[in-house]
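**Q** Structure in C-alpha cells, see below.
We did not get these values from a lab; they are worked out from the coordinates using the rules stated. Predicted model, so just to flag it, every value in this text is computed and none were measured. Positions of Cβ are generated from backbone atoms using ideal geometry, with glycine treated the same way; all protein chains shown enter the neighbour counts.
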Amino acid sequence: MKSELEHEKMELIATAPEATHDGLLLENTRLRGDLLTIARRISHDLRTPLGGIISTSEMVKEILAEQNPSSAALVAPLFDSTDGMIRLIERVSFLIKASLHPAAAENVKMGEVVFNVRQRLESIVLKKNATLAEPASWPEAKGVNFWLEVVWWNLLANALQHGKGLIELGWQEGKAELRFWVCDNGEGVPAEKRDKLFQPFHTLYEANASQGLGLSIVQRLMELQGGNCGYEPRLDGGSCFYFTLPVP
C-alpha cells in the first residue's frame, strides 16, 4: 500500500509534468555539480594536510634515528596510515568521476589489458611467490579499456592477498555475454559475508582486516559498462570472482 505522501507526490507529478521534469533536470544537474566538486576537493584539498603529516613524520623519524636508531620504526604506522588515506582518496575520487562522466564503450583486446595489469603487479607476484595461470588466448570485449584495467587490477590484487600461491584467470563465451574470472586457492569467503562483498568499506575475510573500495569499484564499473560481477566459492576451496561484458 502506498502512503498518503507517495499519493500526493504522484498527483503533483501528474498535474505538472513539465514543471516537475524541468525541476528534476535542474536538481540532477545541481547534484552532479556537487559530486564533481566533492571529487575535486577530495582529490586535491585533502592532499595538503596529508603532505604535512608525511613531512612531519619524516622529521620525527630523523630525530628519533639520531637519538636511538631502533626507535625510528615507531613512526612507521604514520606512513602506513597516510598511504592508506591517499589510496582511499584516489579511489573515492575516481569512483565519483567515473559515475559522473561515463566513457564510451569500444572493442577492447582483453589479452592486452590482462598483460598490462600483470606487469603492474609483477613485484607483488614475485614477493608472494605466486603462479598465475591463464588461457592461451583472450577475446575482444565491449567495454572501456582503462576501467577494465582497474577491474582486473582489483580482482588480481585481492587474489594475491588472500590466495595461497595459485591464481587462475579465464573466460567463457555465452550467447550474449563474455564471462571473465579470477580464482584463487585461499580459504574462501565465509557464507555469512558473501552478500556484503561488494558493499563499500566492508571487511572481507577478517574482523580486523583493512577496509576498502576495491570490490565496490569493480561492481560500479561493470554496471557502467553494461555488465555485472559476482562471487562463487570453489568446490575444492578458494574463491572465484567474475565479471561479464556484452559480446561485441
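**Q** Out of residues 5 or more away from TRP138 or on other chains, whose amide H comes under 5 Å of its own, with H placed 1.01 Å from N in the peptide plane?
**A** GLY111
**Q** Suppose R0 equals 35 Å; then what is the FRET efficiency for GLN119 and ALA73 from their Cβ-Cβ distance, rounded to the nearest 0.05?
**A** Efficiency for this residue pair is about 0.65.
**Q** Another question, then. Could you check the simple spin-label distance between ASP236 and LYS196, using points 7 Å along Cα→Cβ, in nm with one decimal?
**A** Calculated label separation equals 3.1 nm.
**Q** Can you tell me the FRET efficiency between LYS97 and LYS164 if r is taken as the Cβ-Cβ distance and R0 is 41 Å, rounded to the nearest 0.05?
**A** 0.70
**Q** Label point 7 Å out from GLU173 along Cα-to-Cβ: which residues of the stretch 94-118 have amide N under 19 Å?
**A** It comes to 106-114, nothing else.
**Q** LYS164: which lysines have alpha carbons under 25 Å from its alpha carbon, excluding same-chain residues fewer than 8 sequence positions away?
**A** LYS127, LYS128, LYS193, LYS196
**Q** Under a Cβ-Cβ cut-off of 12 Å, what is the net charge of the residues other than ALA72 that fall near it, where Lys and Arg count +1 and Asp and Glu count -1?
**A** Combined, the nearby Lys, Arg, Asp and Glu give -2.
**Q** Pick out, in residue order, every one of the GluC sites (Glu not before Pro) in the stretch 110-207 that is DSSP loop and has at most 15 other C-beta atoms within 10 Å; say none if there are none.
**A** Sites meeting the loop and neighbour criteria: GLU187, GLU206.
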